[in-house]
Amino acid sequence: MPELRQDPTTKEWVVISTERARRPEDFFVRPAEEEKPEAKKACPFCPGNERLTPEEILAYRAYDTKPGQPGWWLRVIPNKFPALVPSNDITRYMEEGLFRHMAGVGEHEVIIESPSHDLTIATMEQKQVEEIFLAYRERYIKLCQDPRFELVILFKNHGREAGTSLRHPHSQLIATPITPSHIRHKLDEAMRYFDDEGRCVFCVLLEKELKNKIRIVLETDNFLSFEPFASKSPFETWILPKKHCSAFGYITHEESKEFAYIVRLTLAKIYKALKNPDYNYVIHSTPCHDMNEEYYHWHLQIVPRVVAVAGFELGSGIYINTVVPEEAAKFLRETAV
């Protein structure tokens with residue numbers, strides 16, 4: 001019989017569809033199409049094509065190389081086609097007492113994760129993945145200090161079904177002068193739980209997952225990777241710091257390396273188990289001006305794009321998951337990498 005489950009952190013409901021249930025190993029992911037050699041040669045993110053990108057903001061490179069030249073192992077550049085653009089005008093306007101608007105102020109950056117065109121985080125060396133998360137940390141802290149911005153979102157789109165058009169490994173960062181209602185809802189629910197119980201709901205969630213162990217994928221000294229009780233889609237995976245911390249900006253240099261380790265291994269399991277599926281991940285954190293809150297807990301959410309969102313989900317806001325999270329966790333846990 002199907003089961004309705006509620007996410008304790010948001011109060012949103014999902015359907016765990018046992019009637020339509022699929023075994024984890026039954027998922028077939030269409031192999032990525034072979035890329036033509038000329039496409040790789042023209043890739044603006046590959047070494048030697050630095051002239052095709054905006055000037056780099058940050059780069060980790062050999063000491064004897066210069067900006068805009070090969071010799072780097074990670075680059076951060078402005079997005080050539082940004083969703084938001086730098087400006088000092090953060091005035092909000094109201095027309096006819098109803099229509100609120102403002103200039104599209106923000107920062108939109110691309111983190112080019114490696115000089116190698118065909119790698120993914122799942123197949124990179126540990127050192128390279130550490131550099132990615134250290135760059136995340138550096139840019140996140142820098143932009144959160146900018147008084148124009150309320151929110152900094154770090155995310156990755158891997159594969160066409162996840163919304164990317166360039167195969168070269170990269171992720172993105174967008175800083176916004178607003179806090180969207182979607183984020184406010186998450187914060188409000190976490191605050192409501194804290195007001196009622198006097199504890200962070202994510203900390204309680206971690207305790208329960210560590211106790212029952214049935215949804216755990218991986219564990220390190222300071223982080224836990226697991227399938228959420230009310231997963232919205234097959235193989236949705238969360239990674240949380242075990243120690244309470246509301247904002248990603250407080251992660252230390254050494255914690256960043258450990259975080260990179262558990263993210264890489266989790267993605268490697270998903271890569272092997274599902275044969276390199278398209279996926280999105282995003283780091284959820286508090287707004288920049290609320291970085292010390294007791295009620296919220298930053299975390300990374302991974303969503304493999306193995307099913308399509310259909311009319312019921314769009315109409316109701318209730319997602320249907322055809323893989324029981326406990327079975328997904330067991331499948332990933334037992335996938336050797």
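Quick note: the coordinates plus some simple rules give every number you see, no bench work behind them. As the structure is a computational prediction, the values presented were derived from the model and not from experiment. Glycine gets a Cβ as well: all are built from the backbone with ideal geometry, and neighbour counts include every protein chain shown.
Looking only at the stretch 292-307, which residues are of a type in the set (Val, Ile, Thr) and either closer than 12 Å to Tyr193 by Cβ or under 17 Å from the mean Cα position of the chain (by Cα) (or both)?
Ile302, Val303, Val306
Considering only the stretch 302-329, how many residues are out of contact with any helix residue (DSSP H, G or I) (no Cβ under 8 Å at 6 or more places or on another chain) and crowded, with 17+ Cβ neighbours inside 10 Å?
Total satisfying the criteria: 9.
Have a look at Glu227, Glu189, Glu236 and point out the one that is touching a residue at least 24 places away in the same chain (Cβ under 8 Å), closer than 17 Å to Pro8 by Cα, in contact with a helix residue (DSSP H, G or I) (Cβ under 7 Å, 6 or more places away or on another chain) and among the acidic types (Asp, Glu).
Only one candidate passes the filter, namely Glu227.
Is it fair to say Glu113 is surrounded by 17 or more Cβ atoms within 10 Å (Cβ to Cβ), among the acidic types (Asp, Glu), farther than 17 Å from Val263 by Cβ and within 17 Å of the chain's Cα centre (by Cα)?
no
Looking at Tyr93 and the list (1) surrounded by fewer than 15 Cβ atoms within 10 Å (Cβ to Cβ); (2) closer than 18 Å to Glu131 by Cβ, which single condition is not satisfied?
(2)
Under the condition of being without any contact (Cβ under 8 Å) to a residue 60 or more places away in the chain and more than 23 Å from Val324 (Cα to Cα), which residue from the stretch 196-222 is surrounded by the most Cβ atoms within 10 Å (Cβ to Cβ)?
Asn222
Here is a check on your reading of the model: is Lys275 surrounded by fewer than 23 Cβ atoms within 10 Å (Cβ to Cβ) and in contact with a Pro (Cβ under 9 Å, 6 or more places away or on another chain)? Can you show your working first?
Numbers: surrounded by fewer than 23 Cβ atoms within 10 Å (Cβ to Cβ): yes; in contact with a Pro (Cβ under 9 Å, 6 or more places away or on another chain): yes.
The answer is yes for Lys275.
Which count do you get for residues in the stretch 249-294 that are part of a helix (DSSP H, G or I), closer than 22 Å to Glu150 by Cα and in contact with a helix residue (DSSP H, G or I) (Cβ under 6 Å, 6 or more places away or on another chain)?
Matching residues across the stretch 249-294 total 2.
Given the options Ile270, Ile251, name the one that is under 25 Å from Val201 (Cα atoms), in contact (Cβ under 8 Å) with a residue 60 or more places away in the chain, surrounded by 21 or more Cβ atoms within 10 Å (Cβ to Cβ) and among the β-branched types (Val, Ile, Thr).
Ile251
Could you check the stretch 161-200 and list, in sequence order, the residues that are more than 26 Å from Thr91 (Cβ to Cβ), in a loop (DSSP other than H, G, I, E, B) and more than 15 Å from the chain's Cα centre (by Cα)?
Those that are more than 26 Å from Thr91 (Cβ to Cβ), in a loop (DSSP other than H, G, I, E, B) and more than 15 Å from the chain's Cα centre (by Cα): Ser165, Leu166, Arg167, His168, Gly198, Arg199, Cys200.
Within the stretch 127-160, take every residue that is in a helix (DSSP H, G or I) and more than 18 Å from the chain's Cα centre (by Cα) and give me the one that is surrounded by the fewest Cβ atoms within 10 Å (Cβ to Cβ).
Just the residues of the stretch 127-160 that are in a helix (DSSP H, G or I), to begin with: 127-144, 160.
Those left that are additionally more than 18 Å from the chain's Cα centre (by Cα): 127, 142.
Working: Lys127: 10, Lys142: 15.
If we take residues in the stretch 127-160 being in a helix (DSSP H, G or I) and more than 18 Å from the chain's Cα centre (by Cα), then Lys127 is surrounded by the fewest Cβ atoms within 10 Å (Cβ to Cβ).
Would you pick out the residues in the stretch 318-335 that are aliphatic (A, V, I, L, M) and in a loop (DSSP other than H, G, I, E, B)?
Within the stretch 318-335, the subset aliphatic (A, V, I, L, M) is 318, 320, 323-324, 328-329, 332.
Residues satisfying the conditions are Ile318, Val323, Val324.
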